[in-house]
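Written below as structure tokens is the structure these notes are about.
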Amino acid sequence: MSFSPPTMYNSSSSPTIHRPYHHWLALGLALFSMVMSAFISRSVFERLPHLEDEVAYLFQARTYARGQLVIDIPQPRRAFWQPFVVDYSQSGKRFSKYSPGWPLLLAPGAAVEQPWVVNAFFSALTVALVYRLGREVYDPDVAVMAAALTAFSPMALLLNASLMGHTAALCLTTLFMLAYWRIERGKNSLLWGAVAGAALGLVFINRPLTAIGIAAPFVLWSGVRLVLTAVGRQTTAAIPLRSSLHRIASVLKPLLVLAIIALLIATVIPIYNYAAT
């Protein structure tokens, strides 16, 4: 007796007509998303932060790009005031109030004075990952439609052109879901467990509450998988106990890898808070 989650479609195991043009459509949609991100960033936002959040993110990214976690409070302090940037008088240091995940990803762009490039890259990667996930779970036609909806979404187009962390969070969330899907397929499950853990951990240090909301149903489903696997093995007398434990371990190991890596990356937040204050 074996247990596997219900699926609508698995393109890797079901016979389909090979249509290579789907890949080209997906590539075109990814490039469209990147180009539109660059265009809107330049023509609408003028490559400048417009929200207080963006100002704080860019400040923090530039600080990291200089190889520093915090800076000394400039004097006179009020002349250099910035929204959502904290002056911690006990230590004489200035830093952004936000968690460090997104500014860390934004720092390479800030280092070359082109921070808009980071979201443009993540926008294209998101479209590609949506296509890949849709193709594996359903079929190539659904995958292209999902990628198109992602690329042409007005909300996505505006956020991709901003300096906000939503685009990176969406990209990493999609990568997490794709990696979890491949864990359940059973091939290279430890590797995909590590990828899923890294993606979820990066979402957490970007948007902690969002990461908890995303992880919750996957945690519940993982628990259900383990319970059903254990119950299924125990009720099959023909299967030796050692074989039963091996099968349970094969389900549990990638989940443990996922959890450990995600938790290790999540510790960046308390470590950063301690270092800053």
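What is the one condition in (1) touching a Pro at 6+ places or on another chain (Cβ under 9 Å); (2) farther than 30 Å from residue 180 by Cα that residue 113 does not satisfy?
Condition (1) is where residue 113 drops out.
Rundown of residues vs (1) at pLDDT 95 or above; (2) more than 17 Å from residue 54 (Cα to Cα); (3) touching a Lys or Arg at 6+ places or on another chain (Cβ under 7 Å), yes/no style:
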| position | (1), (2), (3) |
| --- | --- |
| 73 | no, yes, yes |
| 76 | no, yes, no |
| 87 | no, yes, yes |
| 90 | no, yes, no |
| 93 | no, yes, no |
| 107 | yes, no, no |
| 120 | yes, no, no |
| 149 | yes, yes, no |
| 152 | yes, yes, no |
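Table: residues versus (1) at pLDDT below 95; (2) among the aromatic types (Phe, Trp, Tyr); (3) part of a loop (DSSP other than H, G, I, E, B); (4) open to solvent by 30 Å² or more (accessible area, probe 1.4 Å).
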| position | (1), (2), (3), (4) |
| --- | --- |
| 28 | no, no, no, yes |
| 33 | no, no, no, no |
| 40 | no, no, no, no |
| 48 | yes, no, yes, yes |
| 53 | no, no, no, yes |
| 56 | no, no, no, no |
| 59 | no, yes, no, no |
| 63 | no, no, no, no |
| 69 | yes, no, yes, yes |
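Does any residue of the stretch 50-59 turn out to be under 19 Å from residue 155 (Cβ atoms) and among the β-branched types (Val, Ile, Thr)?
No; the residues of the stretch 50-59 include none that is under 19 Å from residue 155 (Cβ atoms) and among the β-branched types (Val, Ile, Thr).
In the set 218, 204, which member is of a type in the set (Phe, Trp, Tyr) and buried (at least 21 other Cβ atoms within 10 Å of the Cβ)?
Answer to the selection: 204.
The values are calculated or read from the model by the stated rules, or taken from the named source; none is laboratory data. All values reported here derive from a predicted model rather than from experimental measurement. Every residue, glycine among them, receives a Cβ derived from its backbone with ideal geometry; neighbour counts consider all protein chains shown. What goes into the accessible areas is simple: the full protein's heavy atoms, side chains included, and nothing from ligands, DNA or RNA. Shrake-Rupley method; radii C 1.70, N 1.55, O 1.52, S 1.80 Å.
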